[in-house]
Amino acid sequence: MLEKFLPFFSITWAKKYAGKSKFTAILLKPAGDGQRLFSKDREILLIITKYNTLFPRLLDQAERVRREVGITRVDPVLLFVTGSGEIFEKETQDFNNRMDQLNIIIPFMNEAVLEDSEGHCVERQIKKYRQFKDLFDISDPVSEDIYYFGRQDFTKDVSDRLRRGNNIGIFGLRKMGKTSLIKRCEKIIGTYRDAKIVYIDLQNAALYRMRWWEVLEDISIRMGNNIKSKFNEENGAKRFGNFIRKMDDGKRYIVAFDEIEHICPGIASADHWNNDFIELWKTLRSIQIENKSKLSYLVSGVNASVVETSHIGEIDNPLFSMVSVMYMPEFSNSESGLMIDTIGSYMGVDFDDDSKIFINERFGGHPLLIRLACSRLFQKYDSPDSGDIIITESYVKSHISSIESDLYRFATHIIFVLEKWYPNEYSMLEWLSQGETEVFADLARKHPEYVSHLKNYRIIDSDSLQIKINLIMKYLSNRLSGKIKDDTDIMSDWQDITAIRNTIEPLLRKFIKATLKYKYGKDGWIKKVLAAVPEKDREKLVGIDADDILQSRLYLLNLREIINKYWDDFKFLESGEKRNQISKNSMLIFIDTINNNRQDAHAKDVSPIEMDALRISSRNIKLVLEDYLS
């Protein structure tokens with residue numbers, strides 16, 4: 001079989017693995033015709049099996065091999081796997097269709113490869129699956145180094161400041177890469193022994209539903225506190241302070257609060273934060289003053305007013321003047337070009353230099369908008385033979401107008417922060433989009449702080465004072481002229497989806513525990529939960545209370561994977577033994593829909609029919625779960 005790969009690759013390493021999942025691992029280095037298809041810098045892992053299905057923990061085993069031979073040696077995205085039968089290829093296609101997975105698995109049928117006398121099977125599969133998955137259309141924050149692009153100096157500056165004990169606020173428009181930056185800093189700082197980032201994702205409903213003392217308890221647990229009793233309102237601040245004072249491991253702990261808006265007074269996702277915010281930050285501030293060498297903070301979000309406002313009501317804002325504010329920079333032409341080239345190389349898509357510069361300048365260096373534009377260009381390209389795709393500047397210009405119209409919804413999503421929290425600055429943008437430069441200039445002279453905000457958010461050019469992102473200028477202009485609908489319906493859909501999620505997700509967590517505990521016992525249920533968590537994330541959960549893991553440490557996509565992996569244990573939901581029933585497919589589609597369309601995410605268009613279907617399915621799922629929990 002390996003002979004069929006030799007026209008494209010040379011074999012540099014091989015090893016057989018025994019155990020429950022038997023396989024042979026081969027490292028392939030692009031050579032000959034393979035250099036046309038892949039980068040020569042990384043080797044590609046080939047896993048040879050005889051299974052007729054993707055064997056369990058395939059990615060974990062692949063990661064094991066990568067670490068064994070050297071993580072920087074092996075391509076982190078591509079994975080070749082051999083197997084047999086239609087089910088094997090169908091499961092591979094299903095995996096590649098999942099947008100929460102950044103890997104591309106290229107399957108090779110053992111029989112087809114062996115019977116291929118002309119030697120075309122290998123190249124045919126490679127070309128087919130390279131363009132099977134649109135890697136540009138990925139919106140979630142990245143932790144993999146291969147997908148972290150640009151801002152190297154900015155990233156180093158932030159990491160160095162955090163290690164020195166500075167409190168920092170990172171702000172910027174939605175999807176500018178704030179969370180990816182924190183994840184990158186976490187990796188950089190993790191290579192040293194003197195500091196560690198404790199990441200708190202406040203968009204997690206389990207966290208923002210906590211009271212202020214429960215958040216302190218959660219932070220202490222993440223820092224290694226083996227608590228024997230719960231914190232409460234009376235003793236929470238004291239117990240957290242005592243824990244910090246007793247720490248003697250020589251490390252500085254940087255508590256990173258991401259998506260800070262979820263606990264900000266007036267806009268919080270739970271009403272109790274209108275009061276709890278003050279209590280939390282008064283406590284954190286006083287404890288840091290006593291323990292400067294042990295504790296510092298990072299806050300991140302879209303609304304910098306949380307650290308710029310001196311008072312909340314009539315009470316001093318404890319975060320005011322506590323952090324140094326930094327705004328996310330846009331991509332330069334070279335940074336954007338590197339991102340486009342790297343992602344495009346995995347898909348067989350090549351953008352010429354002029355097209356990359358045009359795209360970056362057209363979208364103001366905004367990472368998500370650039371990727372979405374590249375995604376739309378890829379989708380529009382007619383390449384029936386799965387050959388390489390060449391994107392030129394003229395091709396981009398011929399489609400840019402329709403692409404921008406298609407992305408109007410994302411313009412709404414991105415500048416919503418201005419309309420809601422900075423209405424004066426938003427009005428100035430509206431004047432500018434109408435060509436009223438004199439009105440804008442007059443307002444800028446009277447209110448230079450407004451212009452400062454617009455510059456900081458990278459919306460207007462510092463020199464020309466023109467809107468940098470053409471999509472936003474076009475969107476505002478068309479909205480004011482009545483050519484597109486108002487945002488009200490869009491925001492209403494997002495709010496409905498958020499409400500549905502806040503209702504269903506707690507029920508789903510309780511249901512998962514109840515079902516798995518009934519089947520596998522009081523100690524066995526959490527083992528099943530952890531087995532469904534990716535290995536790299538599982539390592540971070542060692543020593544944490546089982547209920548805390550399920551309630552606070554797992555995301556909705558983790559719950560989806562548990563449901564998907566152990567559907568046989570949940571299959572009784574299909575039987576209709578009680579008044580309602582639901583299929584596996586319906587449950588997974590429902591979870592995907594509410595996850596992909598949350599307000600803080602890269603929301604897809606939801607049609608009225610889809611919204612109606614979502615509301616109906618949510619009512620059904622709620623009844624089903626409540627039935628079995630009653």
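The values are calculated or read from the model by the stated rules, or taken from the named source; none is laboratory data. Everything quoted here is computed from the prediction, not taken from an experiment. Heads up, the Cβs are rebuilt from the backbone with ideal geometry, glycines too, and the neighbour counts pull from every protein chain shown. With ligands, DNA and RNA removed, areas are computed over all heavy atoms of the protein, side chains included. Shrake-Rupley method; radii C 1.70, N 1.55, O 1.52, S 1.80 Å.
List of remarks:
- Within the accessible surface of the chain, defined with a 1.4 Å probe on protein heavy atoms only, the carbon and sulfur portion equals 49 percent.
- Whether the range 18-86 is rounded, prolate or oblate, judged on the alpha carbon gyration tensor where a/c under 1.5 counts as rounded: oblate
- Taking every protein chain into account, the 1.4 Å probe leaves I260 with about 0 Å² of accessible area, to the nearest ten.
- DSSP bridge orientation in the chain - percent antiparallel, rounded to nearest 5: 35 percent
- Cα gyration tensor category, rounded, prolate or oblate, for the range 275-329 with a/c compared to 1.5: oblate
- Ranking of R458, R211 by solvent-accessible surface, largest first: R211, R458 (1.4 Å probe, protein heavy atoms only, all chains present).
- Average accessible surface area per residue within the range 332-413, 1.4 Å rolling probe, Å²: 37 Å²
- Residues with amide H under 5 Å from that of V198, placed H, sequence gap 5 or more: I254, V255, A256
- Calculated [θ] (222 nm, deg cm²/dmol) that DSSP helices of n ≥ 4 give over the chain, each run adding -39,500 (n - 2.57): -16000 deg cm²/dmol
- Per-residue HN-Hα couplings for the range 521-529 [Karplus 6.51, -1.76, 1.60; θ = phi - 60°; Hz; x = Gly/Pro]: x, 5, 9, x, 5, 5, 5, 5, 4
- Near R371: Cβ cut-off under 12 Å, other residues only, Lys/Arg at +1 and Asp/Glu at -1. The net charge is -1.
- When the Cα positions of S402, L377, F243 are compared along the charge dipole of the chain, F243 comes out farthest toward the positive end, with charges on each C-beta of Lys, Arg, Asp and Glu.
- Stretch in the chain that is longest and holds no GluC sites (Glu not before Pro) that DSSP places in a loop and that have at most 16 other beta carbons within 10 Å: 437-576
- For D350, residues with placed amide H under 5 Å, excluding near neighbours: I389, I390, I391
- Based on protein heavy atoms only, the range 94-187 ends up with 39 Å² per residue of surface accessible to a 1.4 Å probe.
- 3J(HN,Hα) couplings calculated from phi for the range 392-404 with the Karplus curve 6.51 cos²θ - 1.76 cosθ + 1.60 (θ = phi - 60°) are, in sequence order, 9, 4, 5, 5, 4, 4, 6, 10, 5, 5, 5, 5, 5 Hz; Gly and Pro show x.
- Of the chymotrypsin sites (Phe, Trp or Tyr not before Pro) in the range 349-450, those whose Cβ has at most 16 other Cβ within 10 Å and which sit in DSSP loop: Y381
- Read-out percent of Cα pairs over 49 Å apart, derived from the coordinates shown; its label in (i) 14; (ii) 25; (iii) 19: (i)
- Remark: the range 534-551, residue by residue, has Karplus-estimated 3J(HN,Hα) of x, 4, 5, 7, 4, 4, 6, 9, 4, x, 8, 3, 4, 5, 5, 4, 5, 7 Hz, where x stands for each Gly or Pro and the curve is 6.51 cos²θ - 1.76 cosθ + 1.60 at θ = phi - 60°.
- Rounded if a/c under 1.5, otherwise prolate or oblate - the range 201-281, Cα gyration tensor axes: prolate
- Within the range 266-299, the trypsin sites (Lys or Arg not before Pro) that combine a DSSP coil assignment with at most 13 other C-beta atoms in a 10 angstrom radius are K292.
- Surface accessible to a 1.4 Å probe, per residue, for the residues of the range 218-326, Å²: 45 Å²
- Dipole of the chain computed with +1 at Lys/Arg Cβ and -1 at Asp/Glu Cβ about the Cα centre; of I197, S305, F440, farthest Cα towards the positive end is I197.
- When only Cα pairs below 8 angstrom with a gap of at least 6 residues are kept, the chain shows a relative contact order of 11 percent.
- Annotation: amide H-H contacts under 5 Å for S10 (H modelled 1.01 Å from N, sequence separation of 5 or more, or interchain): K29, A31.
- Separation between Cα centres of the range 494-573 and the range 173-194, rounded to whole Å: 26 Å
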